[in-house]
Amino acid sequence: MSRRSIRKYKAVTVGRDTLEQILQAGINAPNGMNKQSWEIRVVDNPVLLESIKDAMAEANPGNRMARDCFRGAPVVVFIANDTNYDFSPIDCGLLAGNMILSAWSMGVGSVCLGSPVRFIASPEDPSCAAIKTVQQKLGFSNGYEMIICIGFGYADESPKAKPRNESKYRFVEL
Ligand SMILES: Cc1cc2nc3c(=O)[nH]c(=O)nc-3n(C[C@H](O)[C@H](O)[C@H](O)COP(=O)(O)O)c2cc1C
């Protein structure tokens with residue numbers, strides 16, 4: 001209940017030991033037939049992260065959010081799903097949820113990010129060499145497509161919970 005999306009981070013990264021624990025929690029998520037129909041890429045190198053931001057801005061000149069879509073997170077995890085398995089998006093969502101909650105249990109904040117998927121996988125200018133380089137570096141296997149990203153880092157803000165609509169659930173009687 002205390003987890004919130006973090007969009008302001010302290011200028012320190014998350015250690016590899018902690019990231020390993022977050023990744024382990026992720027891959028231990030429930031998943032269809034234990035196919036583990038995900039691929040995960042972790043970028044914690046600040047130089048590489050900057051070059052990805054530059055490439056997103058270059059390939060998406062019409063969107064001023066392209067460069068800032070990681071929301072200042074010092075670590076970004078890119079997740080791809082298996083396009084040949086219908087439940088793979090669910091697998092990837094559960095993987096992401098496990099990572100986000102395990103991170104928070106260790107004091108690491110996060111933000112789930114859909115927008116970088118568009119900026120990298122379907123950019124305004126698909127012929128942009130810089131974004132092609134990013135796609136190659138991430139190197140997802142054939143048949144896998146990026147579906148979601150997660151930014152991780154130590155929170156430098158404490159946002160309030162956004163309202164939730166409780167009429168979205170109900171108990172079904174008899
Ligand atoms: C599939 C998905 C995509 C999202 N994409 C973005 C995004 O691109 N940028 C962003 O700042 N937040 C993004 N979010 C975070 C949501 O805005 C946030 O979870 C929601 O407003 C509820 O707020 P809370 O996480 O603080 O409870 C995304 C969340 C999900 C689940």
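Structural remarks
- Span from the the stretch 39-79 Cα centroid across to the the stretch 131-157 one, whole angstrom: 8 Å
- Dipole size of the stretch 16-156 about its Cα centre, with +1 on Lys/Arg Cβ and -1 on Asp/Glu Cβ: approximately 80 debye, rounded to the nearest 20.
- Put in line by how crowded their Cβ is, counting other Cβ atoms within 10 Å and starting with the fewest, MET146, MET65 read MET65, MET146.
- Around GLN36: net Lys/Arg minus Asp/Glu count, Cβ-Cβ under 11 Å: -2
- For the chain, lysine pairs with C-alpha atoms less than 26 angstrom apart, excluding pairs fewer than eight positions apart on the same chain, total 10.
- Within the stretch 140-174, the GluC sites (Glu not before Pro) that combine a DSSP coil assignment with at most 16 other C-beta atoms in a 10 angstrom radius are GLU157, GLU173.
- What the phi angles of the stretch 21-26 give under the Karplus curve with 6.51, -1.76 and 1.60, with θ = phi - 60°, is a coupling list of 5, 5, 5, 4, 4, x Hz, glycine and proline written as x.
- Other-chain or far-sequence residues with amide H under 5 Å of TYR9's (modelled H): ASP156
- Since only ILE40, GLY62, ASN142 are under comparison, the one whose Cα sits farthest along the positive direction of the charge dipole of the chain, derived from C-beta charges on Lys, Arg, Asp and Glu, is GLY62.
- Sequence-distant contacts, meaning Cα pairs under 8 Å at least 6 residues apart, place the relative contact order of the chain at 37 percent.
- Gyration tensor (alpha-carbon) shape descriptor, the stretch 16-156, a/c threshold 1.5: oblate
- Look at MET99, MET33 and count the other Cβ atoms within 10 Å of each Cβ; fewest to most, that gives MET33, MET99.
- Each residue in GLU50, GLU58 was given a count of other beta-carbon atoms within 10 angstrom of its own, and listing them fewest first yields GLU50, GLU58.
- Taking the charge dipole of the chain about its Cα centre, with +1 at Lys and Arg Cβ atoms and -1 at Asp and Glu Cβ atoms, the residue from ALA25, ILE79, SER105 reaching farthest to the positive side is SER105.
- Beta bridges per DSSP with both ends in the chain, % antiparallel, nearest 5: 95 percent
- Seen from PRO116, the other residues with C-beta closer than 15 Å to its C-beta sum to a net charge of +2, counting Lys and Arg as +1 and Asp and Glu as -1.
Each value in this text was obtained by applying a stated rule to the coordinates, not by laboratory testing. Only a predicted model underlies this, so the values are computations on that prediction, with no experimental measurement involved. Don't worry about glycine lacking a Cβ; one is built from the backbone with ideal geometry, like all the others, and counts go over all protein chains shown.
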